[in-house]
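Working notes, beginning with the structure itself.
The values are calculated or read from the model by the stated rules, or taken from the named source; none is laboratory data. Computed from a predicted model, the values in this text were never measured in an experiment. Reconstructed Cβ throughout: ideal geometry from the backbone, glycine too, with neighbour counts over all protein chains shown.
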Amino acid sequence: MSNPIVGGPELPQRRRLVTEIPGPVSRERFARRQQFVAGGVGTTLPVFIEAAGGGVLRDVDGNSLIDLASGIAVTSVGNAAPPVAARVSDQVRAFTHTCFMVTPYDSYVDVCEKLAQLTPGDHAKKSVLLNSGAEAVENAVKIARAYTGRDAVVVFDHAYHGRTNLTMAMTAKNMPYKQGFGPFASAIYRAPMSYPFREPGAISGSAAADRAIDLIDKQVGAANVACIVIEPILGEGGFVVPADGFLPRLADWARDNGVVFVADEIQTGFCRTGAWFACDHEGVVPDLITTAKGIAGGLPLAAVTGRAEIMDAVHSGGLGGTYGGNPVTCAAALGAIEVMQSQDLNAAARRIGDLMVSRLEKLAESHPTIGDIRGRGAMVAIELVGPDGRTPDAARTAAVSAYCHAHGVVTLTCGTYGNVLRFLPPLVIGEQLLAEGMDVLAEAFAATA
C-alpha cells in the first residue's frame, strides 16, 4: 500500500484503520528492526510511521492513528508545524553546525533570551543549551554543586530524571531504568513525595513538605545539600500532582538554607499543563529549571536556565558539548515557541484538560477500577486499582492500553506500579479527534471489564 507522504497540518485529521494493528508492512519492518536494533531499546506500539501532524500518526500500512502521546510530550505543537519546518529548512540551507563553543551564532542566544523571558521569575537569567533532558539534569547538578560548594543532591520518591549514571541514581524506579546498571553515583538522597491518592491519611501539602524536610535535616543535613531536584508534577512516576503548598514550602526551605531549588520541567514545560511551566500554577520561582521535550517541536534540544549568579558560578569551559544548542534545533525551538504564542497553546492545553477530565469522570462512574483522575492541562492520567480501591492493577492497565493500540489510539502507561494510563495529546489536536480517542478508551474499559 502506498500513500503520498503528506504530514503536518495537511494530514487528514481522522482515525482510519485499513489493516490490523500492526499491519503487514509494519510487521515486516519490525522484524528487520529486531535484527539490527539493540534488544534493550523497547517499543510501545510496533507500527512504523511515515507521516504525522495535528493529532494523527499515519503508518506504512495506511492506518491513521489518534495520537494521545505526542512522542512523550515532545510534539506539543504538532508534527511538522509550518513555522518549525520553515525555520529548520532555512537553517539547514545556511549551515547545520559550527559548535557554539567554537564559533557562535544568533539562534543559540535567541533561544536563551526566550528562556529568560518565559521561565518563572523576573530576575536576571542565563541558560546553557544541551541535547537531552538527562543531560540538562546532570548539568543542573554540576552548576548547583559549583555554586554552593556542597555535594548532596535530594530527589523524591517516584521521580524520573533520566538514564545516564547520575540520573539513574536520581530516578526512583528500578525496572527497567536501573536494573543491572549499577553502581550508581553517590551523594543522592531520596525524600518522600506528596502523593495525595496514596497518602495513609489526609495531609496538607505543607505538612508533606515538612515530612520531607525533617528527613533531609536528619539524614543529610541542610548544610550539606547542594540542591533539591523535583518534578513539579511527576512524569514517569505517574503524573502525580503534589498537594497545594508542597512545592512552595520546599522552595522556601531551600532559599532559607542556601540550597539550590531545581525544577525538572522536562515533561511539564512549554504549555503542557496550561501554563508555560508547571511551577507557575503555585507561583514557585525555581533557582534553576531544566527543560527539553516540548521545547523544539520534535528536535533534540534541552536547557538549564537559572539565576545569572548561579549559572555563572561554573568556570569558563565547564559547561557545553559538541552538539548542545545545534543551530537546526535552535531554529526548531524558535518556531515551536512562535506556535505556542501565536496559537495560545496554554489556553488550548486547559481546554484539552477540561474535555479529557470530563470524559474520564463519566467513565469512572461505570468503572470503579479508575481510582484517581489527576493532572493539569493536557497532562492527565488515571490510576487503576483493584476492588479494594487501593491495590495497583497493572494487568488491567496494560489490557486497556493494548485495546486502544489495536483500535488505532496511541496511549502510554506509567507509574511506579505500572498502573497509570497517561494522556499527552498534541496541543493542536482537534476536539472531535480527541473525543473519538476518548470513545475508544471507553470501549477499551468495557471490553476488558
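Of all residue pairs spaced 6 or more apart or on separate chains, those with beta-carbon atoms under 8 Å, a first member in segment 373-400 that is of a type in the set (Ser, Thr, Tyr) and a second member that is modelled with pLDDT of 95 or more and buried (at least 24 other Cβ atoms within 10 Å of the Cβ) are THR397/LEU384; THR397/ASN419; THR397/VAL420; THR397/LEU421.
The lone criterion from (1) touching a Lys or Arg at 6+ places or on another chain (Cβ under 9 Å); (2) surrounded by fewer than 18 Cβ atoms within 10 Å (Cβ to Cβ) left unmet by ASP214 is number (1). Only a single criterion out of (1) part of a helix (DSSP H, G or I); (2) within 23 Å of the chain's Cα centre (by Cα); (3) of a type in the set (A, V, I, L, M) is not satisfied by ALA223, namely (2). Pull out all pairs, ordered by first then second residue, where Cβ-Cβ is under 7 Å, the residues are six or more apart or on different chains, the first lies in segment 302-327 and is among the β-branched types (Val, Ile, Thr), and the second is surrounded by fewer than 17 Cβ atoms within 10 Å (Cβ to Cβ). Listed pairs, sorted by first residue: THR322/CYS99.
From VAL229, VAL262, VAL241, grab the single residue that is touching a residue at least 60 places away in the same chain (Cβ under 8 Å), over 23 Å from GLU138 (Cα atoms) and crowded, with 16+ Cβ neighbours inside 10 Å. Answer to the check: VAL241.
Consider segment 76-109 and keep the residues that are assigned to a loop (DSSP other than H, G, I, E, B) and free of Cβ contacts under 8 Å to residues at least 60 places away in the same chain. The one that is surrounded by the most Cβ atoms within 10 Å (Cβ to Cβ) is PRO104. When the residues of segment 350-372 are filtered to those that are among the small types (Gly, Ala, Ser) and free of Cβ contacts under 8 Å to residues at least 40 places away in the same chain, the one that is surrounded by the fewest Cβ atoms within 10 Å (Cβ to Cβ) is SER358.
So in segment 380-397, with the set limited to residues that are closer than 28 Å to ARG351 by Cα and of a type in the set (A, V, I, L, M), which one is surrounded by the fewest Cβ atoms within 10 Å (Cβ to Cβ)?
Filtering segment 380-397 for residues closer than 28 Å to ARG351 by Cα gives 380-385, 397.
Those still in the list that are of a type in the set (A, V, I, L, M) too: 380-382, 384-385.
Values: VAL380: 25, ALA381: 26, ILE382: 28, LEU384: 27, VAL385: 20.
Ranking the candidates gives VAL385 first.
Would you mind telling me which numbered condition in (1) surrounded by 12 or more Cβ atoms within 10 Å (Cβ to Cβ); (2) in contact with a Lys or Arg (Cβ under 9 Å, 6 or more places away or on another chain); (3) part of a loop (DSSP other than H, G, I, E, B) GLU50 fails? Here GLU50 meets the rest and fails (3).
In this structure, GLY205 does not qualify as without any contact (Cβ under 8 Å) to a residue 12 or more places away in the chain, of a type outside the set (Lys, Arg) and over 23 Å from GLY71 (Cβ atoms). Does any residue of segment 294-305 turn out to be within 16 Å of GLY78 (Cα to Cα), assigned by TED's automatic domain parsing to the domain that holds ASP264, β-branched (Val, Ile, Thr) and within 24 Å of the chain's Cα centre (by Cα)? So far as segment 294-305 goes, yes, one or more of its residues are within 16 Å of GLY78 (Cα to Cα), assigned by TED's automatic domain parsing to the domain that holds ASP264, β-branched (Val, Ile, Thr) and within 24 Å of the chain's Cα centre (by Cα).
Under the condition of being surrounded by fewer than 21 Cβ atoms within 10 Å (Cβ to Cβ), touching a residue at least 24 places away in the same chain (Cβ under 8 Å) and not hydroxyl-bearing (Ser, Thr, Tyr), the residues counted in segment 174-197 number 7. Residue pairs whose Cβ atoms lie under 6 Å apart, separated by 6 or more positions or on different chains, with the first residue in segment 138-149 and under 12 Å from ARG307 (Cβ atoms) and the second assigned to a helix (DSSP H, G or I) and at pLDDT 95 or above, are TYR147/ILE310. Can you tell me which residues in segment 57-85 are acidic (Asp, Glu) and over 22 Å from the mean Cα position of the chain (by Cα)? Matches in segment 57-85: ASP59, ASP61.
Which of the residues belonging to segment 386-413 are of a type in the set (S, T, N, Q) and outside any helix (DSSP H, G or I)?
Taking segment 386-413 first, the residues of a type in the set (S, T, N, Q) are 391, 397, 401, 411, 413.
THR391, THR411, THR413, listed by residue number.
Yes or no, residue by residue, for (1) within 20 Å of ALA402 (Cβ to Cβ); (2) among the hydrophobic types (A, V, I, L, M, F, W, C):
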site: LEU11; (1), (2): no, yes
site: PRO24; (1), (2): yes, no
site: ALA38; (1), (2): no, yes
site: LEU45; (1), (2): yes, yes
site: VAL56; (1), (2): no, yes
site: ALA69; (1), (2): yes, yes
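Residues in segment 415-435 that are outside any loop (DSSP other than H, G, I, E, B) and surrounded by 23 or more Cβ atoms within 10 Å (Cβ to Cβ): VAL420, LEU421, ARG422, PHE423.
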